[in-house]
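Have a look at the structure below before the remarks.
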Amino acid sequence: MRRHAAGAGIPYPAPMAKRAAPGANPLTLSPDPAWRVVVLHGKDAFLRLDVTARIRQALAAEHGEVDVIAFDGQSAQVADVLDECRSFGLMQQHKLIVVDNADQLVKEDARPLMERYADKPCDDATLLLRAERWNPGNLDKRIAEVGTICKCDGIGSHEAVRWITDQCKPRHGAAIDKPAAELLVARLGPDLGRIDSELGKLAVGAGDRITSELVVELVGVTRQEDPWTIQAVLLSGDPTAIVRQLRLVLENAPRDAHIPVIFAYSDLAKKLHGMAVATEQRMNPQAAAGKLRLWGPAKDAILPLARRLRTRATRTLLRECVEADQGLKSGLGEPSRVLERLGLRFASLAR
């Protein structure tokens, strides 16, 4: 028997909800159908929607069809939302009550009402509060007892590549090569909403697999090409992807773009050599990354390689970058050819 409103029947205890670990990753969060109050907050609307879909799937698997009721926290009254949570659902279905802009609903005088509800939530409804911003307080502790709070902010390039390779086939019916995923992130940035939209288009023309060639052909450059974006691609181990990204940068940047590119090459080689030294000294990779001031795509690309790096190889690569830089400044060599050859040296190191 399910628990109903007071006087409607004999209540049975609700199943104990499993707590999500503090700071749970929204990409890997596994929703528990026993959660009765959930907060999804952060700037990434795609992640909030993605977690919402997984929550609904978990509830449907547990309860059958789910009745979804939506409110806008900017105009709704907290009493109306809580009344909907406590009322019977259509055909006795479990209800998912979704409140967007929830930070505007749960404030000032409304917060105590929400705290009392979180102390004794209805078993027939799951209250999902979504907002870009969320003000922490005592309510959070109560929600943690019966649900979870998940921060849905933007992700890094490495996480975006992993998400693409994991989710492309189940979402769009086509697998994707890792170099193609890295090239897609290099072109679009780690914005999962835009990436998912492009994957849908690519899957239509891909057949069974999305390749780097298809990404180059069908995905336009939708952000200014920063020479530093090439660092992540240099360590992909894919010579074709490296050459294509290099040409993309050189063709979409101002004149003399090779100057910041060779600087990015040398900077990456210096960081690789520093990580190789740290590895041979048996330093923790994360601690070494902090000392080397690694961040962003470069950190995401270097850390997986840390255990394989050897100082002899990284020292040689660094020297070649310095010599190439000096040669280009002296007018020796065609910049694109010099950079392509160096790019292949990075690919060889990463394989």
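None of the figures in this text is laboratory data; all of them are computed from the coordinates on show. Please read all numbers here as calculations on a predicted model, not as lab measurements. Every residue, glycine as well, gets a Cβ built from its backbone with ideal geometry; the counts of neighbours run over all protein chains shown.
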For T126, T314, ascending order of other Cβ atoms within 10 Å (fewest first) is T314, T126
Can you give the relative contact order of the chain as a percent, counting alpha carbon pairs under 8 Å and 6+ residues apart? 15 percent
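Calculate the translational D of the range 156-223 in whole µm² s⁻¹ from Stokes-Einstein, where the hydrodynamic radius comes from the Kirkwood formula applied to all Cα pairs, the temperature is 4 °C and the viscosity 1.567 mPa s. Walk me through the intermediate numbers first.
Values: Rh = 11.3 Å.
Estimated diffusion coefficient is 115 µm²/s.
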For the range 281-351, count the residues as N, evaluate 2.2 N^0.38 Å, and divide the Cα radius of gyration by that value, please. 1.28
Sorted by chain and then number, the residues having a modelled amide H within less than 5 Å of the amide H of F71, at least 5 places away or on another chain, are V98, V99, D100
Would you mind telling me which residue in T52, T28, T165 has the biggest mean-square fluctuation in a Gaussian network model of the chain, where springs connect alpha carbons within a distance under 10 angstrom? T28
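How much space per residue, in cubic angstrom, does the convex hull of the C-alpha atoms of the range 94-150 take up? Let's see the in-between values first.
Numbers: hull volume 4.5 nm³, N = 57.
Convex hull volume per residue, Cα atoms: 79 Å³.
If you add up the charges near A175, with Lys and Arg at +1 and Asp and Glu at -1, over every other residue whose beta carbon is less than 12 angstrom from its beta carbon, what do you get?
Working: positive: K169, R171, K178, R209; negative: D166, D177, D208.
Net of charged neighbours comes to +1.
Over 18 Å between Cα atoms, which of K107/K141; K169/K201; K95/K151; K43/K141; K271/K291 qualify? If you can, show how the numbers build up before the last one.
Working: K107/K141 16 Å; K169/K201 13 Å; K95/K151 23 Å; K43/K141 22 Å; K271/K291 10 Å.
Exceeds cut-off: K95/K151; K43/K141.
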Taking P(r) over Cα pairs in 20 Å bins from 0, in percent straight from the coordinates, which label in (1) 32, 62, 6; (2) 26, 42, 26, 6, 0; (3) 31, 58, 10, 0 is the correct one? (2)
Which of L82, V338, V51 sits farthest toward the positive end of the charge dipole of the chain, with +1 on the Cβ of Lys and Arg and -1 on the Cβ of Asp and Glu? V338
Under unit Cβ charges (Lys, Arg +1; Asp, Glu -1), what dipole magnitude, rounded to 20 debye, does the range 37-151 have relative to its Cα centre? 340 debye
Placed amide H near V37: partners under 5 Å, 5+ positions off or other chain: L127, G147, T148
Taking Cα pairs under 8 Å and at least six residues apart, what relative contact order does the range 156-223 come out at, in percent? 37 percent
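Quick one: which of 273-281, 138-146 comes out on top by average Cβ neighbours within 10 Å, and what's the full order, highest first?
Working: 273-281: 18.6, 138-146: 16.9.
Packing order, densest peptide first, comes out as 273-281, 138-146.
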PRE reach from R54 (point 7 Å along Cα→Cβ): which of the range 174-209 fall under 16 Å by backbone N? 192-193
What are the extents of the Cα atoms of the range 18-147 along their three principal axes, in Å, largest first? 36, 33, 24
Could you grab the relative contact order for the range 28-96? Cα pairs under 8 Å, six or more apart, rounded to a whole percent. 33 percent
Looking only at A181, A287, A313, which one moves most when the chain is put into a Gaussian network model with springs between Cα atoms under 10 Å? A287
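Taking the Cα centre of the chain as the origin, how large is its charge dipole in debye, to the nearest 20, when only Lys and Arg (+1) and Asp and Glu (-1) carry charge on their Cβ atoms?
1500 debye
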